[in-house]
1. Which members of the stretch 106-138 meet the condition of being assigned to a helix (DSSP H, G or I) and open to solvent by less than 10 Å² (accessible area, probe 1.4 Å)?
2. Does the stretch 145-165 include one or more residues that are touching an Asp or Glu at 6+ places or on another chain (Cβ under 6 Å) and either over 12 Å from V68 (Cα atoms) or not in a loop (DSSP other than H, G, I, E, B) (or both)?
3. Determine the pairs where a residue that is within 20 Å of E131 (Cβ to Cβ), located within the stretch 74-99, has a partner that is in a loop (DSSP other than H, G, I, E, B) and among the hydroxyl-bearing types (S, T, Y) with Cβ atoms under 7 Å apart, the partner being 6 or more residues away or on another chain.
4. Which of the residues belonging to the stretch 56-79 are over 19 Å from the mean Cα position of the chain (by Cα), in a loop (DSSP other than H, G, I, E, B) and of a type in the set (A, V, I, L, M, F, W, C)?
5. Say we look at the stretch 80-92 and pick out the residues that are of a type outside the set (G, A, S) and more than 22 Å from the chain's Cα centre (by Cα); which of these is most open to solvent (accessible area, probe 1.4 Å)?
6. Might you check whether a residue that is within 21 Å of P179 (Cβ to Cβ) and among the β-branched types (V, I, T) occurs anywhere in the stretch 97-116?
7. Criterion first (part of a loop (DSSP other than H, G, I, E, B) and within 16 Å of the chain's Cα centre (by Cα)) does G199 satisfy it?
8. Could you list, in sequence order, all residues of the stretch 57-79 that are farther than 30 Å from T166 by Cα, of a type in the set (A, V, I, L, M, F, W, C) and open to solvent by less than 30 Å² (accessible area, probe 1.4 Å)?
Amino acid sequence: MRLLDRQDAPAATLPCVLRDHPEWHLGRERYWLWSIAVDCPAVLQRLQAVRALLGDWLHPPGARQAHVTLFVCGFATATAQLDDDITPAVLETQRRALEKLSMAPFALHIGGLDSFASAAFLAVHDSGRLEHLRGELAKHSKEVRQAPYVPHLTAGLYRQAIARQTWLEHTRPLHDCPPLALPVRELQLLSYAAAETQGALRLEARVRLAG
C-alpha cells in the first residue's frame, strides 16, 4: 500500500527498528538480488532533496547504495532447503539467461515522491523492459516476494509514525516532478550482509547491455 493511493492507503507511516533479524536469516550470511545501479547525478540530487524534505522522519540512509531492485533472489546456499534459498548454480543460470537476451541499453524514468508504509521512495516508470527481464529470471527461480512488484528507488526507512494527511501536506512539493531519465547499461547481481538492515551492497556479477 502506498500513501498516495486514494483507496486502502495506510493511515500513517510505519517506523522501522534497525536491528539484526536472526528469526529471518537463521544464521545465513548474505542475501542476493538482481538490481539496477543508480549513478545519474540528476536522480541522486532528487533523492537527496527527498531526504532533506523528510528530515528526521527517516533513519539515516546508512551504507546502502542507491539502486532499483529488479528481482529478489534470496539466500545463496549450496543446497536449497528453505523457500528463500537459492543455489549458486541457479544464480549462474539466471546470469547466462540475461546475457543471452542481448538486450540493448534502455532508460527508466524517475518521477516524484511516493511512499510505502515503511519506506519513502521515488517512483520508477518503465515501458515494459523490467517485466520482460523479471519474466526471464522467474523461469529459473521463484522470486522471494511478499507483495506485488512495484519498481521504485528507496529514499529511506521511517523512524517515526507520521499521519498520512500530515505526510501528504508536507511532501506535496515533490509529488509531481518532471521525469528524469536513468540510463540502464548493465544489470547487477548484488548481495548484502543479512544482519545489517542498511548495509552496503556488494557487486557479485554484472550483465552488460549491448544488444
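1. First, the residues of the stretch 106-138 that are assigned to a helix (DSSP H, G or I): 129-138.
Selection gives L130, L133, L137.
2. no
3. Close Cβ pairs satisfying both conditions: Q94/S141.
4. Of the residues in the stretch 56-79, the ones over 19 Å from the mean Cα position of the chain (by Cα) are 56-57, 77-79.
Next, only the ones that are in a loop (DSSP other than H, G, I, E, B) stay: 77-79.
Within the stretch 56-79, A78 is the sole residue that qualifies.
5. Just the residues of the stretch 80-92 that are of a type outside the set (G, A, S), to begin with: 81-88, 90-92.
With more than 22 Å from the chain's Cα centre (by Cα) added as a condition, the list becomes 81-82.
Details: Q81: 154, L82: 79 Å².
Filtering first and then ranking leaves Q81.
6. Checked against the condition, which is being within 21 Å of P179 (Cβ to Cβ) and among the β-branched types (V, I, T), the stretch 97-116 yields at least one hit.
7. Values: part of a loop (DSSP other than H, G, I, E, B): yes; within 16 Å of the chain's Cα centre (by Cα): yes.
Judged against the criteria, G199 is a match.
8. Filtering the stretch 57-79 for residues farther than 30 Å from T166 by Cα gives 70-79.
Narrowing the set further to residues that are of a type in the set (A, V, I, L, M, F, W, C) leaves 70-73, 75-76, 78.
Hits for the stretch 57-79 are L70, F71, V72, C73, F75.
The values are calculated or read from the model by the stated rules, or taken from the named source; none is laboratory data. Computed from a prediction, not measured in an experiment: that's the story for all the values here. Using ideal geometry, Cβ is built from the backbone for each residue, glycine included, and neighbour counts are taken over all protein chains shown. Note: areas computed on protein heavy atoms with side chains; ligands, DNA, RNA excluded. Shrake-Rupley method; radii C 1.70, N 1.55, O 1.52, S 1.80 Å.
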